[in-house]
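For reference, the structure is listed below as structure tokens.
The values are calculated or read from the model by the stated rules, or taken from the named source; none is laboratory data. A quick note: this is a predicted structure, and the numbers were derived from the prediction, not measured. Cβ: placed from backbone, ideal geometry, glycine included. Neighbour counts: every protein chain shown. SASA here: full protein model, heavy atoms, side chains in, ligands and nucleic acids out. Shrake-Rupley method; radii C 1.70, N 1.55, O 1.52, S 1.80 Å.
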Amino acid sequence: MHDPYKFTQTPLLQIHKLLIKLELKLKIKLAMKVTIESSKLVKPFYGSIPTPPMDTIPTSIFDKMAWNMHVAVLYAYHPPTPSNAAIELGLGNVLAEYRQMAGRLTTNDAGEIVIVRNDAGVRFIEAIADQNLDKSFSFMPHDPAVHSLHPELHGVEEIAQVQITRFSCGSMVLCFSSHHMVQDAYSSSIFLAAWGKACRNLEISPLPFQNRDIFRPRDPPVFEFDHKGVEFMPKSMIPPHGYYVDDRLKEIRAEKFLFTADFISKIKTKASSFNNTRHFSTFESLYAHLWRTVTKARRLDGSVSTRVRIPVDCRNRLKNPEVPNGFFGNMILWAYAKAKVHELLHEPIGYAAKLLHEAVVSIDENYIKSFIDFAHYEAKSEDLVPNTVVEAEKMILYPDIDAGSWLRLPFHDLDFGSGAPFTFSPCFSPIEGDTYLLPSFVDDGSIEIYISLFNEDMKVFKNVVYSLE
């Protein structure tokens, strides 16, 4: 394979030139200046339809389980791109259907978090960058230039924010951030796809369904599973502010890796050969591999217990009543795969895949209904809080990992009228042990893996991640 940095000069001269080239790229990125040209609120555009009266939507128990924070994603587009005015108009039109996105989160007299649909608006920021958007731009969270491409994510009043940054070459980067207690990743992707349709004057379908009555508890309730210590914790476990501050936070580094379709096929074949029991999914196979390689990189003692926390979308798991196709909000519960380090590393990869599979399928309709009943009765009577409240500031998951997967989400479909983006990236503060799977924009079956580890562990991880041993 051709090496673009292989020259005919002596090795020392080759290295010297490479270092100069990398240094120049770094200086360019650090010197990039982003100027905010305008910041305003975009409100729903109802056209000839009368403006609906202000009302409130209760948050569901699934919404309350979500992280109390803004989550952002970045999209990059090659020129030509639609004007900011056209994108803004499309936003106003889609907000007329997704009215809660232009509202505000507040607490009612009963102390419950609710969404006020008051049409206060979405923050819309227009910016320009003084450079071209070239291939050297990493879109990684440790890159200082990335922080200038998205709005502030802390202490935000708006439920949703948009920042459009135009580059000298004509390329455009759009950042969208939204509050996690209003929507999960799937709902976010559906809203963004609808926004693109509004910009192209296409019908928005399905329309958002927001009736939370489908999450009513049973009468009498049935507590079939133990949810205390899993989804809910005693209030006494809420740590004081700053409890999770650790000197090691500055040692966390996020990196991106690419698994080719051929490498993925080899991992799945090896995982599924375990006892010849079943064919494991891409998610189960890849996370079996990542769980084992991260554990190797961390050099954990064999007696240590490690687990994978897996977000499970409950939409298709709740059958009675069924969740409508257009349901908009959160519907995620966590599954946990657990193992001792010595078992995880000495058993074949299929053993880890089997643990992951069993954890995911355990979140079935009975479990979901038991969770709903527990949340409305036992959690309230015992004054328990969601585990996301207890772990809100936790930045180190060691010896565990979080398994995020956006493989089936239509984030690639955000077309404002000039085609799909050429790249897409989550914006996140590096949390040690946090991982994401994203389909590659190369569209060849490859998958991008975003992972955050301590620096020393990342060095080892790089040496083992592509090994099938």
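Odds and ends about this structure:
- Subset of the range 378-404 (residues that are part of a loop (DSSP other than H, G, I, E, B) and free of Cβ contacts under 8 Å to residues at least 12 places away in the same chain): E391
- Filter result for D443 (part of a loop (DSSP other than H, G, I, E, B), on the phi > 0 side of the Ramachandran plot and either open to solvent by 20 Å² or more (accessible area, probe 1.4 Å) or not hydroxyl-bearing (S, T, Y) (or both)): yes
- Scan of the range 174-228 for residues that are within 21 Å of A66 (Cα to Cα), part of a loop (DSSP other than H, G, I, E, B), of a type in the set (S, T, N, Q) and modelled with pLDDT of 95 or more, ordered by number: Q183
- Scanning the range 125-147 for residues that are at pLDDT below 90, in a loop (DSSP other than H, G, I, E, B) and either surrounded by 13 or more Cβ atoms within 10 Å (Cβ to Cβ) or not acidic (D, E) (or both) yields a count of 9.
- Any pair with Cβ under 7 angstrom, 6 or more apart, that starts in the range 198-213 at a residue that is in contact (Cβ under 8 Å) with a residue 40 or more places away in the chain and ends at one that is open to solvent by 40 Å² or more (accessible area, probe 1.4 Å) and part of a loop (DSSP other than H, G, I, E, B): C199/G417; R200/G417; I204/E97; P206/N325; L207/E97; P208/E97; F209/P324
- Options V389, V360; residue that is among the aliphatic types (A, V, I, L, M) and either touching a Lys or Arg at 6+ places or on another chain (Cβ under 6 Å) or open to solvent by 60 Å² or more (accessible area, probe 1.4 Å) (or both): V389
- Residue match in the range 215-227 (condition: in contact (Cβ under 8 Å) with a residue 24 or more places away in the chain and under 22 Å from the mean Cα position of the chain (by Cα)): no
- Filter result for P82 (in contact (Cβ under 8 Å) with a residue 12 or more places away in the chain, of a type outside the set (D, E), open to solvent by less than 20 Å² (accessible area, probe 1.4 Å) and not in a strand (DSSP E or B)): no
- Selection from the range 364-386 of residues that are open to solvent by less than 20 Å² (accessible area, probe 1.4 Å) and out of contact with any Phe, Trp or Tyr (no Cβ under 8 Å at 6 or more places or on another chain): I368
- Each residue in the range 413-440 was checked for being among the β-branched types (V, I, T) and open to solvent by 10 Å² or more (accessible area, probe 1.4 Å), and 2 of them qualify.
- Residues considered: V312, V304, V323, V308. Of these, the only one that is open to solvent by less than 50 Å² (accessible area, probe 1.4 Å) and over 25 Å from the mean Cα position of the chain (by Cα) is V304.
- Per the listing I49, I57, I36, I87, the residue uniquely open to solvent by less than 20 Å² (accessible area, probe 1.4 Å) and either outside any strand (DSSP E or B) or modelled with pLDDT of 95 or more (or both) is I87.
- Meets criteria (modelled with pLDDT of 95 or more and part of a helix (DSSP H, G or I)) for L105: no
- So S171, is it more than 28 Å from M69 (Cβ to Cβ), among the hydroxyl-bearing types (S, T, Y), surrounded by fewer than 22 Cβ atoms within 10 Å (Cβ to Cβ) and in contact with a His (Cβ under 8 Å, 6 or more places away or on another chain): yes
- Evaluation of S265 against (1) open to solvent by 30 Å² or more (accessible area, probe 1.4 Å); (2) touching a residue at least 12 places away in the same chain (Cβ under 8 Å); (3) farther than 30 Å from M69 by Cβ; (4) within 25 Å of the chain's Cα centre (by Cα) (one fails), failing number: (2)
- Pairs linking a residue in the range 54-78 that is under 30 Å from S168 (Cβ atoms) and hydrophobic (A, V, I, L, M, F, W, C) to a residue that is open to solvent by 50 Å² or more (accessible area, probe 1.4 Å) and in a loop (DSSP other than H, G, I, E, B), with Cβ atoms under 8 Å and 6 or more positions apart or on different chains, are A76/F422.
- Looking only at residues of the range 221-262 that are among the basic types (K, R) and under 30 Å from F374 (Cα atoms), we find that the one that is most open to solvent (accessible area, probe 1.4 Å) is K235.
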